[in-house]
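Okay, so here's the structure we're looking at.
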Amino acid sequence: MSDKTTLPKRRAPLSQLLQPDLEPAPPVVEGTIGAKITVTIDGIETKVPLGTTILEAAKSIGVKIPTLCYHPDLEIAGICRICVVEVEGQRTLQAACAYPITDPIRINTYSRAVRLARRNVLDLILSEHCGDCYSCMKNGNCELQSLAEEYGVDEFRFGHLEVPVPVDDSSYSVVRDMNKCIRCRRCVRTCIDLQEVGVYEAVNRSNRVSIETFLDKPLLTVPCINCGQCINRCPTGALYAKPALHAVWKAIDDPAKHVIIQTAPSPRAAMGEMFGLEPGTTVTYQMNTALKRMGFEHVFDTNFTADLTIIEEGTELILRLYKALVQGDTSVALPQFTSCSPGWVKYAEHFWPEFIPNLSTAKSPQQMFGALIKTYYAEKMGLDPASVVSVALMPCSAKKFECNRPEMNDSGYKDVDFGLTTRELGSMFRQAGLHVPTMPKSDFDDPFGGATGSGLIFGATGGVMESALRTVLELVTGRKLETIYEHGDIIPVRGFEGVRYAELTIDEVGPVPSILAHLVPDWEWLRGATLKVAIAHGTANARKVMEDIKAGGHFSKCHFVEFMACPGGCLGGGGQPIPTSKEIRSARARAIYGEEKTLDVRKSFENPAVVRIYEEFLTDGPCGHKSHELLHTGYIDRGKFIE
Amino acid sequence: MLITERDRLREDVLAIAELTDCHRASLIPILRKVKEKYRGIDTYAMQLIADVLGIHPVEVYSVATFYSFIQPQTQGRLAFRLCRTLSCELEGKESVAEQLQRDLGIGFGETTPDQVFSLEWANCMGMCDQGPAMLVNETVYTQLTPGKVHDIVEEYKSQQEGHVTKRQAERVL
Amino acid sequence: MSTSIKSSTNELTFASVPAADGLNKALALSRVDIIDAIHESKLKGRGGAGFPTGTKWNLAAAETRTPKYMICNADEGEPGTFKDRVILTEFPDLVFDGMTIGARAIGASLGLLYLRAEYGYLHEHLENVVARRRKTGLLGRDIAGIEGFNYDVLIAMGAGAYVCGEETALIESLEGFRGEPRNRPPFPVVSGFLGRPSVINNVETLAWVACIFSKGVEWFRSYGTGASAGHKLFSISGDCEHPGVYEFPFGITVAKLLKEVGGEDAKAVQVGGASGRCVPRSEFERRLAFEDVPTGGSIVVFGPDRDMRAIAHNILDFFVDESCGQCTPCRLGNPKLLQGVEMLQEGTCSLQYLNDLKGLARTMQVASKCGLGQTSSVAFMSILEHFENEVLGRKPLL
């Protein structure tokens, strides 16, 4: 992928932006790049590559240095000072996370001076932290709590936060409890550097520093996209997803309610982590059993509507292309953008409202399911839709916002009543004494049944694109995908690179399948065409692509672009288990692609339940009248200015 | 803010931003200018500046609140800053502070209702050999005494349009 | 030239050096020779930290990336320090001469003078000097006829933050960020303003550079002590008869200096501003030099009746307000020390807690991210050390 669009991080030095190099890059001094250097850590000699931080070097020999402001996904801050170590010959202690090794230094990571300093720093942090651990959402998974335990904190030597400030729970997704904030600024770096949304910054100076939104306005009123990446990186309980579990329990307890749940693919690849399993261990079928024991009437697979999304979104794409290429309609907005990531959708509504016409009108799988459960399913089961409580298990905090969007009531009711995160459901399982990993396995319930692999890989970045391409390619060429790509895996769109680009040429075309016959007469217009697609995950990467499109760059020539708000796609979502890192996200992706291989049906349009719903219910076909009513939606120009 | 005022503000911001091709390094010069001219940096101004420089409004807010001279709150046209640091304290800034509060009728950190005067503390302003010292906007006053600041305040008050000083009032009576 | 700088013991240097004299002499030398001369002069940074100027220039000169920046730190915020104000008012040409010499030495094409907001009234004056220098060819293209030696200076205004005197915070501020110090390494000579090699020198350092080239390395080195060469400007304030800016050679004793300024009866002096040490009368024979009592040149004199606890309070109050609030020890440590001083006043500070605070102060000195946090507790600690009985023996006020 060309890095023409790669802009330097705006918080890093801005030189590249303002002043292009007048001279070529400095000559590489022989032996400096990739050179190794010998360091002595606590008396043990080891060789590390030049520029390795003390923290990484120590880790490589099994020495754990405590950290708080450090996070592997983020820029180095070096501000909490809990990771200080002694470097021989230096008057002051050094922050291990921020000190690159360029000399053969000798380091002591636990000398008396270091231990005293760490304890003092810890006591200071605790003095401004409202540590009501029992009543904290992060109890048991708090980095500060662990450190206090490690260092044997038995009193608040420098006092304790006494005047609590109000908790901001205005947002549907993210709750901010600044009483727990330790000013490590991980959320700031997440929001500004990693996601480039820019909701939080440090405000004021001295001990008055606080982490605030613009003018300290409630989160609901600022352009927060609800991605929850800040939650995943907060070391304490200052940020958490707005809980829905009490409401879900209440519904389960109510005998008059018919409570069903749909589960998305990513939580299944991560729920194991809530029970201490290694990242990347899937517990899909064990979870089904646990959910039913817990009291859900039925457990549905969101992948079903993921397949439906592919059909609807794919059809929409074909229609857009047909209008633009054959009918010469210049008003058609291309490239088409995916719309299944509610964080991305809100990001686009705030920051790129002029591109709203490019967003696919297809709802996300969660919302499609919601609309069908209170119509198709209720009808089929003879249920009063008012008595149906529709719950969605999602890896996502933005899904909580999405199901509360006022327009999401096409069934006549609130389409999805509650969104649960992986973390919340994990605690519900624990409350019910259900140890998921040891549950017997059971399948998803009809009438939506098991899904295809296409739906499953929605969880990883590039998954929606791959699924869509699988369907579009087979429908257009009439050939089995396996004859085009080995195992039907479209490798060029996979991976973790922030922005990816791929071209697929359609060499031959087949007959128009009956499901689309009412929309296009033939495929001749696509013969020899090159389909250009792009994928971006994390809104910082999305921003790069959008800037390029706006400037008329080569991404503007794309036909279809997949955007995911979260780094790694849904498997790195803001509702997933904490901690997160690149390795953990990769492990979850491997789990998803691994499970996908085991499925018989891997293409959305081959899903028998999908075929059935178009026969029985959505009888005027994809993008038909009824599907428009239930499965498509519109967007709001939110803009970024606030009053 | 009226539309015309917003246009004027945009012109002011762009005039500085364009010198650096809208680079972020313009941020503090812009904030200084806006603060100087409008005495405060309001919600719209911060968002406008962010938009022009391609950064987030919260970053503008964050930078403005960091520096004492570009705090977003609206101040009076005349900002009195009395030094409170070591040498000026030794020289008796306390009685000067008392007098200032009495003459201006406001406490430290406050602005008069007519938006003319603000009073705040400042940290060392480099006039330690001539303390106590204060700044009124960019004018420096040194070796202050309660009597001296009284005269300074009266002088500023008399320059305000339509203002009747105590002495003038006494004369009329 | 008349000057408000005083001295009865030695000649006043700055008034005797004509503008552009040092610059012209320096520009006759090769770039390597300029740096060598500064090296040999043993000039150390006059801002307080005392880093050898020649070494700094050498490191920046060795960098191959361009553009490079030659920056003047005129963010003189250290309480009790005002010598830079006097230099900028009376001898701005020496400062710009020094900057231009440095630019030549390291290969910088742009200079920035970061002027603190509190000196806003000097802005126009300095702009006028820069404009004049552009007109007379001392700034601009092909300076002094040296083809390709282009250098210009912009005046950048601060906005009111003491911490911006720390060089990496100053750079952050120049780039439009909060003045929060960066992690070091990398040092500014490698990655400074806009990520480019940058040298940041104090106003006085740069003025001395011009003097060294005007009067000679030998002349400069003949004053001062072994480790602290040359003369130094001192900002004297507090309880003395003749406060002001003085020029003395490095190595002068506190006692001698106090005699010069009429402060012989002092019970203590605060050396090096708020971040420096409080030196009691018993140590007045100590010498002001990097190897004994280091200083950026500020002396605040405390008369016999001064309340040392109140002084500790004032100093800590300053640091609480001026901490950038980034790193834990400084952000939260200073308020705890300040609170401790208040508890001492109220008679509610136990000796055990006082020991906790001393331990905390030591942690702040070694674990803070920048010089501010590393030095903010120095005065508090030295006051406790030398005036423990005065501070502890206090009865609560009624």
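The values are calculated or read from the model by the stated rules, or taken from the named source; none is laboratory data. Just so it is clear, the model here is predicted, and its values are computed rather than measured. Here the Cβ positions follow ideal geometry from the backbone for every residue, glycine too, while neighbour counts run over all protein chains shown. Heads up: the accessible areas ignore ligands, DNA and RNA and are worked out on the full protein's heavy atoms, side chains in. Shrake-Rupley method; radii C 1.70, N 1.55, O 1.52, S 1.80 Å.
Assess whether B:Leu14 counts as being over 22 Å from the mean Cα position of the chain (by Cα) and more than 9 Å from every other protein chain (Cβ to nearest Cβ). In short, yes. A single entry from A:Gly89, A:Gly131 fulfils the requirement of being under 26 Å from C:Leu337 (Cβ atoms) and either open to solvent by 70 Å² or more (accessible area, probe 1.4 Å) or of a type outside the set (Lys, Arg) (or both): A:Gly131. Go through the stretch A:515-540 and count every residue that is out of contact with any Gly (no Cβ under 9 Å at 6 or more places or on another chain) and not acidic (Asp, Glu). Result for the stretch A:515-540: 12. Inclusion of C:Ser16 among residues that are assigned by TED's automatic domain parsing to the domain that holds C:Gly179, of a type in the set (S, T, N, Q) and over 14 Å from the mean Cα position of the chain (by Cα) is warranted. In the stretch A:200-223, what residues are away from chain C (no Cβ under 14 Å) and among the polar types (S, T, N, Q)? Scanning the stretch A:200-223 gives A:Thr213, A:Thr221.
Scanning the stretch A:599-633 for residues that are within 21 Å of A:Thr338 (Cβ to Cβ), part of a helix (DSSP H, G or I) and of a type in the set (A, V, I, L, M, F, W, C) yields A:Phe605, A:Val610, A:Leu630, A:Leu631.
Within the stretch A:474-505, being under 21 Å from A:Gly569 (Cβ atoms), over 23 Å from the mean Cα position of the chain (by Cα), part of a helix (DSSP H, G or I) and of a type outside the set (Gly, Ala, Ser) holds for one residue alone: A:His487.
Of all residues in the stretch A:133-152, those being within 14 Å of chain C (Cβ to nearest Cβ) and part of a loop (DSSP other than H, G, I, E, B) number 1. When C:Gln326 is tested against (1) within 14 Å of chain A (Cβ to nearest Cβ); (2) on the phi > 0 side of the Ramachandran plot, exactly one condition is not met: (2). Farther than 30 Å from C:Ile299 by Cα, at pLDDT 95 or above, under 14 Å from the mean Cα position of the chain (by Cα) and not aromatic (Phe, Trp, Tyr) - does that describe any residue in the stretch B:120-129? The answer is no, given that none of the residues of the stretch B:120-129 is farther than 30 Å from C:Ile299 by Cα, at pLDDT 95 or above, under 14 Å from the mean Cα position of the chain (by Cα) and not aromatic (Phe, Trp, Tyr). In the stretch C:377-396, the qualifying residues are those that are in contact (Cβ under 8 Å) with a residue 40 or more places away in the chain and part of a loop (DSSP other than H, G, I, E, B), and the one that is least open to solvent (accessible area, probe 1.4 Å) is C:Ser377. For A:Phe605, are the conditions met, namely being buried (at least 18 other Cβ atoms within 10 Å of the Cβ), in contact (Cβ under 8 Å) with a residue 24 or more places away in the chain and touching a Leu at 6+ places or on another chain (Cβ under 9 Å)? Taking the combined requirement at face value, the residue satisfies it. When C:Ile34, C:Ile38 are screened for being aliphatic (A, V, I, L, M), buried (at least 23 other Cβ atoms within 10 Å of the Cβ) and within 21 Å of C:Thr225 (Cα to Cα), only C:Ile38 passes. Is the stretch C:92-104 home to any residue that is at positive phi, at pLDDT 95 or above and not hydrophobic (A, V, I, L, M, F, W, C)? No, the stretch C:92-104 contains no residue that is at positive phi, at pLDDT 95 or above and not hydrophobic (A, V, I, L, M, F, W, C).
Under the condition of being more than 8 Å from chain C (Cβ to nearest Cβ) and assigned to a strand (DSSP E or B), the residues counted in the stretch A:80-98 number 4.
Checking the stated criteria, B:Arg24 turns out to be of a type in the set (Lys, Arg) and within 14 Å of chain A (Cβ to nearest Cβ). Taking the stretch A:458-472, which residues are farther than 18 Å from A:Ala609 by Cβ and touching a helix residue (DSSP H, G or I) at 6+ places or on another chain (Cβ under 6 Å)? Within the stretch A:458-472, A:Gly459, A:Ala460, A:Gly462, A:Gly463, A:Val464, A:Met465, A:Glu466, A:Ala468, A:Val472 meet the criteria. Under 6 Å between Cβ atoms, at least 6 apart or on separate chains: pull out the pairs that start in the stretch A:623-643 with a residue that is touching a residue at least 40 places away in the same chain (Cβ under 8 Å) and away from chain B (no Cβ under 14 Å) and end on any residue that is among the hydroxyl-bearing types (Ser, Thr, Tyr) and surrounded by 15 or more Cβ atoms within 10 Å (Cβ to Cβ). As it stands, the answer is A:Cys623/A:Thr315; A:His632/A:Thr361, since those pairs meet every condition given.
Within the stretch A:352-392, the set of residues being out of contact with any Leu (no Cβ under 9 Å at 6 or more places or on another chain), assigned to a helix (DSSP H, G or I) and among the β-branched types (Val, Ile, Thr) comprises A:Ile356, A:Ile373. Which of the residues spanning the stretch C:117-157 are in contact (Cβ under 8 Å) with a residue 40 or more places away in the chain, under 24 Å from the mean Cα position of the chain (by Cα) and open to solvent by less than 10 Å² (accessible area, probe 1.4 Å)? Residues satisfying the conditions are C:Ala117, C:Tyr119, C:Val153.
Of the residues making up the stretch B:47-71, those that are part of a helix (DSSP H, G or I) and under 14 Å from A:Val199 (Cα atoms) number 8. Whenever a residue of the stretch B:55-69 is in contact (Cβ under 8 Å) with a residue 12 or more places away in the chain and facing another protein chain (nearest Cβ under 7 Å), its partners that are basic (Lys, Arg) and surrounded by 24 or more Cβ atoms within 10 Å (Cβ to Cβ), lying with C-beta atoms within less than 8 angstrom and at least six residues away or across chains, give the pairs B:Val63/C:Arg178.
Okay, residues lined up against (1) farther than 14 Å from A:Thr236 by Cβ; (2) open to solvent by 10 Å² or more (accessible area, probe 1.4 Å); (3) not aliphatic (A, V, I, L, M):
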{"position": "A:Glu75", "(1), (2), (3)": "yes, yes, yes"}
{"position": "A:Cys97", "(1), (2), (3)": "yes, no, yes"}
{"position": "A:Asp103", "(1), (2), (3)": "yes, yes, yes"}
{"position": "A:Ala113", "(1), (2), (3)": "yes, yes, no"}
{"position": "A:Leu116", "(1), (2), (3)": "yes, yes, no"}
{"position": "A:Leu147", "(1), (2), (3)": "no, no, no"}
{"position": "A:Glu150", "(1), (2), (3)": "yes, yes, yes"}
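When we screen B:Leu82, B:Leu31 for residues that are in contact (Cβ under 8 Å) with a residue 12 or more places away in the chain, under 30 Å from C:Val300 (Cβ atoms) and more than 12 Å from chain A (Cβ to nearest Cβ), the only hit is B:Leu82. A residue that is β-branched (Val, Ile, Thr) and under 26 Å from A:Lys36 (Cβ atoms) occurs somewhere in the stretch A:86-97.
Residues in the stretch B:113-128 that are without any contact (Cβ under 8 Å) to a residue 40 or more places away in the chain and within 11 Å of another protein chain (Cβ to nearest Cβ): 1 in all. Restricting A:Ala348, A:Ala371, A:Ala392 to residues that are farther than 17 Å from A:Phe300 by Cα and buried (at least 24 other Cβ atoms within 10 Å of the Cβ) narrows the list to A:Ala348. For the stretch A:111-129, the set of residues classified as hydroxyl-bearing (Ser, Thr, Tyr) and either within 17 Å of A:Leu68 (Cα to Cα) or facing another protein chain (nearest Cβ under 8 Å) (or both) consists of A:Ser127 only.
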